[in-house]
1. Can you name the condition, by its number, that residue 230 falls short on among (1) surrounded by 19 or more Cβ atoms within 10 Å (Cβ to Cβ); (2) modelled with pLDDT of 95 or more; (3) over 28 Å from residue 119 (Cβ atoms)?
2. Give me the pairs, please: first residue somewhere in segment 168-194 and not assigned by TED's automatic domain parsing to the domain that holds residue 90, second residue anywhere and surrounded by 10 or more Cβ atoms within 10 Å (Cβ to Cβ) and assigned to a loop (DSSP other than H, G, I, E, B), beta-carbon distance under 6 Å, and either six or more positions apart or on two chains.
3. Among the residues of segment 129-153, how many are out of contact with any strand residue (DSSP E or B) (no Cβ under 7 Å at 6 or more places or on another chain) and either crowded, with 24+ Cβ neighbours inside 10 Å or within 30 Å of residue 55 (Cα to Cα) (or both)?
4. Filtering segment 279-297 down to residues that are part of a loop (DSSP other than H, G, I, E, B) and surrounded by 22 or more Cβ atoms within 10 Å (Cβ to Cβ), which residue is farthest from the chain's Cα centre (by Cα)?
5. Would you pick out the residues in segment 258-277 that are within 15 Å of the chain's Cα centre (by Cα) and in a strand (DSSP E or B)?
6. Do any helices (runs of 4 or more DSSP H) lying entirely in segment 1-105 carry at least 2 residues that are under 22 Å from the mean Cα position of the chain (by Cα) and either surrounded by fewer than 17 Cβ atoms within 10 Å (Cβ to Cβ) or modelled with pLDDT of 95 or more (or both), and which ones are they?
7. For the structure I just gave you, tell me whether residue 301 is closer than 28 Å to residue 155 by Cα and surrounded by fewer than 21 Cβ atoms within 10 Å (Cβ to Cβ).
8. Quick one: residue 123 ticks every box in (1) more than 20 Å from residue 314 (Cα to Cα); (2) surrounded by fewer than 16 Cβ atoms within 10 Å (Cβ to Cβ) bar one, so which box is it?
């Protein structure tokens, strides 16, 4: 997020705060942020950010509600999960604490029922003073499959994701060490326990699904960043209509691109960019639609969507400060 905002032409970065790292320089933790390296991190208090026009929260799940309640009239954007879910029961089941409430959802490309372009979601964000940015896996799966909800069996959606290790956080856990990760692929949150499941199903309901059910399985693979999502569901509509649905939905989207037929997305194509590259096909043997999407989980996965939402909420061009150009090799 700081990398993107440091290059945003209309943003001046104010106080930076932390918890256990308060009192140290940002460059100790993120030496690549050269223009901000000397900034000393302040304790995270409402007083520290009282003068800011925009406050971004990047706190552990369950910690944003108390802080946000004290932030007054600032535009507040949360990249945690606290305000994404609308159903308190879903929050209680997957997070195990009291639900803080619901804010407008910071995925500008989210369709609403009956839409082929995401007009309604952008209108919500344009009027918002509180925004909850999507989870990286949830946004990727949603963008992959939402154009075809009226062509598939929404009760039998299967999503398998290859996820880079930055998606697992920075905690010092043995299974996240380089010696364990290199040369190995490892599943996690097996058996319907991943916290993005209710978020994905909530998104698909907004997009028009009546009773979506998803089997969602992420797999950590030895790359630092990126998500490649493979999402399949039984075809119930006309196979000839499938590609056209995705073409119509994403024809004018600045950051979501349907690739030419026969070209499949890879994580290397999107590294460092705010692009989501999508492809769709019909598996005639299995009678299923297969949609694939690739994003950089740290950019379009979360922080890029934050910048898009910030731009919309402040009346600036949605693309300002963002790029579709990746980094290769």
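The values are calculated or read from the model by the stated rules, or taken from the named source; none is laboratory data. The structure presented is a predicted model; accordingly, all values stated were derived computationally and were not measured. Positions of Cβ are generated from backbone atoms using ideal geometry, with glycine treated the same way; all protein chains shown enter the neighbour counts.
1. Checking residue 230 against (1) surrounded by 19 or more Cβ atoms within 10 Å (Cβ to Cβ); (2) modelled with pLDDT of 95 or more; (3) over 28 Å from residue 119 (Cβ atoms), the one that fails is (1).
2. Pairs found: 181/222; 182/222; 185/221.
3. 6
4. Top of the filtered list is 296.
5. 276, 277
6. Fully inside segment 1-105 and qualifying: 2-6, 88-95.
7. It is false that residue 301 is closer than 28 Å to residue 155 by Cα and surrounded by fewer than 21 Cβ atoms within 10 Å (Cβ to Cβ).
8. For residue 123, the exception is condition (1).
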